[in-house]
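The values are calculated or read from the model by the stated rules, or taken from the named source; none is laboratory data. Here the structure is a predicted model, which means the values were calculated and not measured. Heads up, the Cβs are rebuilt from the backbone with ideal geometry, glycines too, and the neighbour counts pull from every protein chain shown. Note: accessible area is taken over every heavy atom of the protein model, side chains too, but ligands, DNA and RNA are not part of it. Shrake-Rupley method; radii C 1.70, N 1.55, O 1.52, S 1.80 Å.
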Amino acid sequence: YENSDEANQFARQDPYDKADIRQTMQVQQWDRWHWSNKPIVGGGLEPYVIYITFAAIKSGLRSQHEEYLRSLNERLQAAGVVRDDKQQVIGELSIIYATNKEEVERFIKNDPYQQSDAYQLTQITRWRCRWWEGRFLLRVE
């Protein structure tokens, strides 16, 4: 979408939103730099969404941070920065596969950005992938 107003308008057309099922909803721009071709299914791994807001970005750590993300190999499903309406980078969103939330917390703890106190707030949420690359993977009636 061209701007956040158009994205918000689209999101408000969702039947879940119209039925007032969602507790909260935010629409922000996500610039992904990594996107896997297909999700992992099985193997005892579950997808988790990590949403991080930045306190401050420490210069000189970006390449170390990206290399750390690459070390996850196929377990890193997607990653990219989140921008506000003024196009300022305010955080990061990643989707990774892990055995449990504690494994995700260890992953975050070892990130060079986290070790430099760049993260202000971190939210970890288990995610159920229903739609991927233009098709439904899971039907829920």
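Taken over segment 60-72, the criterion of being in a helix (DSSP H, G or I) and either among the hydrophobic types (A, V, I, L, M, F, W, C) or open to solvent by less than 100 Å² (accessible area, probe 1.4 Å) (or both) is satisfied by Ser63, Gln64, His65, Glu66, Tyr68, Leu69.
Here segment 38-59 is the region considered, the condition is being under 22 Å from Asp117 (Cα atoms) and open to solvent by 40 Å² or more (accessible area, probe 1.4 Å), and the residue that is modelled with the lowest pLDDT is Lys58. Anything in segment 73-111 that is open to solvent by 70 Å² or more (accessible area, probe 1.4 Å) and either over 15 Å from Thr122 (Cα atoms) or modelled with pLDDT under 90 (or both)? List them, or say none. Asn73, Glu74, Asp85, Lys86, Gln87, Gln88, Thr99 - these are the residues of segment 73-111 that are open to solvent by 70 Å² or more (accessible area, probe 1.4 Å) and either over 15 Å from Thr122 (Cα atoms) or modelled with pLDDT under 90 (or both).
Only one of the numbered conditions (1) modelled with pLDDT under 70; (2) surrounded by 15 or more Cβ atoms within 10 Å (Cβ to Cβ); (3) acidic (Asp, Glu) is not met by Asp14, and that is (2).
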